[in-house]
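The values are calculated or read from the model by the stated rules, or taken from the named source; none is laboratory data. No experiment lies behind these values; they were computed from the predicted model shown. All Cβ positions, glycine included, derive from the backbone under ideal geometry; neighbour counts span all protein chains shown. Protein only, heavy atoms only, side chains kept; ligands, DNA and RNA dropped before computing areas. Shrake-Rupley method; radii C 1.70, N 1.55, O 1.52, S 1.80 Å.
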Amino acid sequence: MKWFTKIKGGSLQFVLFIGAVIAVLLLTFVLLSHMHIQFSKKSDTYIETIKQADLVLGMALNNPNGESVGLRNLSQKGIETTVVQDRWGLFDLYRVDASFQKTRFTKIALVGMKRATNDAALYLKDNQRPMIIVGHARIKGDAYLPDQGIRPGNIAGQSFYGNTPVQGKQKRSNGSLPPIAGQLKNSLEQWASPGFIPARSKRLNGLQSNELAHSFLEPPLVVWGEVLQLAGKKITGNVVLKADYRIVVSPTTLLTDVILVAPEIVIQDGVTGSFQAIASKTIVMGKNCLLHYPSALAVFHKESRTALNQGIPVPNIQIQANSSLKGIIGYWEDIREQKQRYHPQVRIDAGANVIGQVYCEKHLELKGSVHGNVTTDGFVAMENGSVYQNHLFQGKIDAGGLPLQYVGLGYGQQGKGGVAKWLY
């Protein structure tokens with residue numbers, strides 16, 4: 001009988017190989033399990049950080065006028081959150097930074113004021129003069145009107161062709177326009193002033209290339225020049241284009257989310273884009289233009305302008321035929337002269353379309369359409385060399401044509417903040 005049997009070397013190597021394979025598989029399984037647990041924890045942390053950022057932004061927007069006072073720094077569940085609020089033209093810019101250990105998350109939003117469910121179609125200041133409606137003009141929605149009310153009229157043989165002047169409730173306005181929420185007027189005066197640039201911004205003298213993109217995660221970039229001709233330029237993001245005299249936007253220009261600032265801004269026929277324009281004198285938007293939401297055209301006018309066109313003063317803001325703007329048109333002024341003015345400061349030509357808000361501290365000539373609401377000191381119609389005061393001729397105002405999701409200007413203490421657009 002043999003007590004010992006010799007095992008072949010190949011068999012022993014095979015056993016060792018199988019053992020090594022099993023050890024590697026077990027180690028791989030342990031590592032995968034550990035990585036899965038760590039990834040799950042990291043994912044949960046990242047999700048909680050995002051939720052915290054959303055929560056704090058919501059809290060900031062729910063404060064009156066969108067102010068984030070008291071929410072600048074907030075710590076919850078070990079997540080540190082900071083809210084920074086700046087002004088970006090006619091809108092607010094909210095940046096929320098949330099961090100937990102090495103996990104960081106940032107959200108940037110362009111913010112306006114939410115619509116009230118009972119937004120009126122028209123607020124016309126009471127200047128102790130009735131409103132006259134003529135031609136195919138229409139007002140759909142509630143209207144705040146002077147004590148003398150509204151009545152049909154006649155211009156050059158054209159009378160009012162509707163059944164009722166206001167398709168909604170008529171309410172009494174007073175001798176002043178409703179104030180804009182926050183400090184928008186003061187902010188616009190700053191933006192329109194010659195030497196103003198946003199805080200922490202970097203300045204460039206002129207455009208060095210045809211394309212420029214700049215993230216809102218970085219400080220603003222200010223491109224400055226005496227006259228800026230933007231033909232062939234593609235500019236996106238956190239950029240302010242500022243000129244000492246004039247900015248010209250051509251059909252070959254593509255602007256997205258930028259701000260234009262100059263005394264005079266010319267938007268030539270056929271321009272498409274999404275931007276804000278702030279001027280101290282005039283903005284002319286040519287024919288067949290399309291400015292996507294959230295765009296804005298605003299003039300803050302301080303001096304007594306004497307620019308004439310064959311003896312007729314030029315409107316400060318003009319929207320020409322077949323052009324469309326989705327956003328805000330606003331005219332504000334700080335003029336101490338007492339001389340009565342009869343020409344329009346804002347003119348919206350026949351065929352032009354505004355989806356949003358029109359706010360005019362002086363005279364508005366409306367022959368196009370506004371899907372949203374109009375707030376104005378008074379209407380004026382220029383026809384056949386004559387001036388018709390407080391006449392709405394052919395213009396249409398429809399409060400129901402504005403989506404409830406729209407955010408823009410707020411009045412007084414009205415409403416809460418809402419996100420117009422998420423930025424990058």
Please compute the per residue accessible area over the chain with all protein chains in place, 1.4 Å probe, rounded to a whole number of Å².
50
For the stretch 343-409, the percent of accessible surface on carbon and sulfur atoms (probe 1.4 angstrom, ligands and nucleic acids excluded) is 48
Among T164, G19, I79, the residue whose Cα sits farthest towards the positive end of the charge dipole of the chain (+1 at Cβ of Lys and Arg, -1 at Cβ of Asp and Glu, taken about the Cα centre) is G19
Per the Cauchy relation, a quarter of the hull surface: what is the mean projected area of the convex hull of the alpha carbons in the stretch 145-222, in nm²?
12.0
Taking R0 as 41 Å, what's the FRET efficiency between K185 and T103 from their Cβ-Cβ distance, rounded to 0.05?
0.50
Among the listed pairs K107/K233; K281/K396; K169/K416; K107/K287, those beyond 31 Å (Cα-Cα)
K107/K287
With only Lys, Arg, Asp and Glu charged, each at its Cβ (+1 for the first two, -1 for the last two), find how big the charge dipole of the chain is about the Cα centre; round to the nearest 20 debye.
1300
Counting helices only, and only those DSSP H runs with n ≥ 4, report the 222 nm mean residue ellipticity of the chain as the sum of -39,500 (n - 2.57) divided by its residues, in deg cm²/dmol to the nearest 500.
-5500 deg cm²/dmol
Ranked from the most accessible area to the least, with a 1.4 Å probe and all protein chains present, what is the order of Y342, Y144?
Y342, Y144
Using a 1.4 Å probe on the protein heavy atoms, what percent of the accessible area of the stretch 209-252 belongs to carbon and sulfur?
50
In degrees, nearest 10, the alpha-carbon axis of helix 9-61 is tilted away from the dominant principal axis of the alpha carbons of the chain by 20
Which percent of the accessible area of the stretch 101-183 is formed by carbon and sulfur heavy atoms (probe 1.4 angstrom)?
42
Sorted by accessible area (1.4 Å probe), largest first, how do T82, T252 line up?
T252, T82
With every protein chain in place, the accessible area of V96 for a 1.4 Å probe, in Å² rounded to the nearest 10, comes to 0
So for the stretch 106-254: antiparallel DSSP bridges make up what percent, rounded to the nearest 5?
5
Largest first, how would L254, L364 line up by accessible area (1.4 Å probe)?
L254, L364
